[in-house]
Amino acid sequence: MVLTETVRKALPKQRSRWPFFVCLTLLASIVAYTLVFDLPQWRNDEQLARLQERVSMLSLPPDTEHDLRAEASVVGLLSGNGNHCDYLVHLALVTKLPDAEIARYYESVTVEGVEGGELSGTVYVNPSGSRRDGFKGVIVEFFDGGHEAGSDMRCH
């Protein structure tokens, strides 16, 4: 019996697999981060967008216009402390109506909140008075608070 020596060059060279596993681990980490942290934020952003849409669909009282430069909406931990999400839609208006009339209008109007409750607006009138054209600035806020935060880091 003759033993033959195998030449190393004849065997196929095996590739190192560690780059594949590093890339697979990195991909799994990115997917896990997205599922744990980004999806709850996207869900809360969608609920805020729906609330903002319902508020913007409200009819304006007479002699009142939108001031689009100052409108905003926010989701996060806005009141108190703890583990909950608050939603705020900030509507900026200019009006010729008296303060009491604009306040009465928005306190009587209701909008469906994030989880179906009814919200009414809180009115803040600019204390500096009227502008030259007779209009005055008014802020109307629709606040819906105390909702489940999930993994949304803005609500912790």
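The values are calculated or read from the model by the stated rules, or taken from the named source; none is laboratory data. Here the structure is a predicted model, which is why all the values come from computation and not from measurement. For neighbour counting, all protein chains shown are included, and Cβ atoms are generated from backbone atoms with ideal geometry for every residue, glycine included. Heavy atoms of the whole protein, side chains included, go into the accessibility calculation; ligands, DNA and RNA do not. Shrake-Rupley method; radii C 1.70, N 1.55, O 1.52, S 1.80 Å.
Just a few scattered comments:
- Heavy-atom accessible area order for 136, 96, largest first, 1.4 Å probe: 96, 136
- Angle between the chain longest axis and helix 39-56 axis [Cα atoms, degrees, rounded to 10]: 20
- Solvent-accessible area per residue, Å², over the chain with all protein chains present [probe radius 1.4 Å]: 70
- Extension reserve of the residue 46-residue 107 stretch, reckoned as 0.36 nm per residue once the Cα distance is removed: 19.4 nm
- Spin-label model, residue 26 to residue 115: label points 7 Å out along the Cα-to-beta-carbon direction sit 4.1 nm apart.
- Residue 84/residue 54 FRET efficiency (R0 22 Å; Cβ-Cβ; nearest 0.05): 0.60
- A compact globular protein would have a Cα radius of gyration near 2.2 N^0.38 Å; the ratio found for the chain is 1.93.
- Over the chain, relative contact order from alpha-carbon pairs under 8 Å, at least 6 apart, %: 25
- Across 23, 155, the residue with the most accessible area heads the list, and the full order at a 1.4 Å probe is 23, 155.
- On Cα atoms only, tilt of 99-108 relative to the major axis of the chain in degrees: 50
- The chain - percent of accessible surface contributed by carbon and sulfur, probe 1.4 Å: 56
- In the chain, helices alone account for a calculated mean residue ellipticity at 222 nm of -9000 deg cm²/dmol, with every DSSP H run of four or more residues adding -39,500 (n - 2.57).
- In sequence order, region 133-149 has phi-based couplings of 7, x, 7, 10, x, 9, 10, 10, 10, 10, 10, 10, x, x, 9, 4, 7 Hz under the Karplus curve 6.51 cos²θ - 1.76 cosθ + 1.60, θ = phi - 60°, and Gly or Pro positions carry x.
- Relative contact order %, region 57-133, counting alpha carbon pairs below 8 Å whose residues are six or more apart: 23
- Candidates 123, 111, 22, ranked by Gaussian network fluctuation over the chain, Cα under 10 Å, top entry: 22
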